[in-house]
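K.L.:
First, the structure itself, so that you have it in front of you.
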Amino acid sequence: MQIPWLDWAKEIQAISQAGLTYGENGYDLERYEALRKISVEMMSYFTDTPIDKVTELFANEQGYQTPKVDIRAVVLQDNKLLLVKERADGAWALPGGWADIGLTPSEVAVKETYEEAGYEVKPLRLLAVLDKKRHAHPPSANHVYKMFILCELTGGQALEEAGLETTGVGFFGASELPPLSLERNTAEQLLRMLELARSETLEVLLD
């Protein structure tokens, strides 16, 4: 879902951050800092979120701004998808999370699946790289690329106790999907991942 003011705020933030990174003239740096302040105020006003919280989440990075990367593991058992129940919203998602510095995308998929679900997996191939803003997710302050990696189940067992980020684990077929954490994945995406996982000929899904 695209919301014009959100796109404008993110673009202003990106321009200001680049200017603060590469600018040398003191007057220009002041102007870029003012732009960043405007972007934060826009986010705060339209989302009814305190300025300090918006600054912490939306304008706390340095250097040239780039999209964040969200990595999701696609794990099948008997043609059913492995999903975890997110503590944050009580809804379900593929195991995964933000990419970690020092780890490859495949290593993140393996780590997140074990930590969130208790299962050991082996990465097989990339299924999709999607731009979050082009799909039916709630509005986000960050520009996010989502990577979906097909993984083979090799061991482990479902967590018996709630983890730090999840409170449940299960396998679900296409016709029995539970309430989904739309911040993390949509039903359309999960059905598409099932289709891609079952095929050796379909190309990686982009955007």
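K.L.:
Quote to one decimal, in nm, the extra length available between Gln157 and Asp131 on full extension: 0.36 nm per residue of separation minus the C-alpha distance between them. Walk me through the numbers on the way to the answer.
P.N.:
Numbers: separation 26, 0.36 × 26 = 9.36 nm, distance 3.20 nm.
Taking 0.36 nm per residue and subtracting the Cα distance, the gain is 6.2 nm.
K.L.:
Right, here's the next one. Compute the distance from the alpha-carbon center of the range 1-57 to that of the range 182-201, in whole Å.
P.N.:
Cα centroid to Cα centroid, the span is 34 Å.
K.L.:
Continuing with this model, one more query. Only Cα pairs under 8 Å and at least 6 apart count here; give the relative contact order of the range 83-132 as a rounded whole percent.
P.N.:
Numbers: 40 pairs, mean separation 12.4, N = 50.
Taking the mean separation of contacting Cα pairs over the length of the range 83-132, I get 25 percent.
K.L.:
Cut-off 10 angstrom, C-alpha nodes, Gaussian network model of the chain. Which of Asp100, Asp70, Asp131 fluctuates the most?
P.N.:
Asp100
K.L.:
Then there is this: Of the residues Ile38, Ile15, Ile101, which exhibits the maximal mean-square fluctuation in a Gaussian network model of the chain defined by a 10 Å Cα contact cut-off?
P.N.:
Checking each option, the largest mean-square fluctuation is seen for Ile101.
K.L.:
Next question, about the same structure. Could you grab the relative contact order for the chain? Cα pairs under 8 Å, six or more apart, rounded to a whole percent. Before the final figure, lay out the partial values.
P.N.:
Details: 375 pairs, mean separation 48.1, N = 207.
Reported relative contact order: 23 percent.
K.L.:
When the chain is fully extended, how far beyond the present Cα-Cα distance does Trp5 get from Phe172, taking 0.36 nm per residue of separation?
P.N.:
On the way: separation 167, 0.36 × 167 = 60.12 nm, distance 3.69 nm.
Stretched fully, the Trp5-Phe172 segment lengthens by 56.4 nm.
K.L.:
Something else about it: GNM on the chain, C-alpha springs below 10 Å: top fluctuator among Met193, Met147, Met42?
P.N.:
Met42
K.L.:
I'd like the orientation of helix 187-198 relative to the chain: the angle between its Cα long axis and the longest Cα principal axis, in ° from 0 to 90, rounded to 10.
P.N.:
Roughly 50 degrees between the two axes.
K.L.:
Ok, one more. Name the aspartates and glutamates eligible as straight-distance cross-link partners of Lys80: C-alpha to C-alpha under 16 Å, and not fewer than 8 places from it in the same chain.
P.N.:
Correct list for Lys80: Glu152, Glu176, Glu188, Glu195.
K.L.:
I've got another one for you. Where a Cα-Cα gap under 29 Å defines reach, which lysines qualify for Lys85, not counting those fewer than 8 residues away within the same chain?
P.N.:
Lys53, Lys68, Lys111, Lys122, Lys132, Lys133, Lys146
K.L.:
Let's test this: bin the Cα-Cα distances of the range 141-207 at 5 Å from zero up to the farthest pair and state each bin's percent.
P.N.:
The calculated distribution, bin by bin, is 3, 11, 19, 22, 23, 14, 6, 1.
K.L.:
Then there is this: For Val121, which sequence-distant residues (separation of 5 or more, or a different chain) have an amide H within less than 5 Å of its own amide H, given hydrogens modelled in the peptide plane?
P.N.:
It is Thr154, by chain and number.
Readers should treat all values here as calculations from the given coordinates under stated rules, not as data from a laboratory. Since the model is a prediction, treat every value here as computed from it, not as a measurement.
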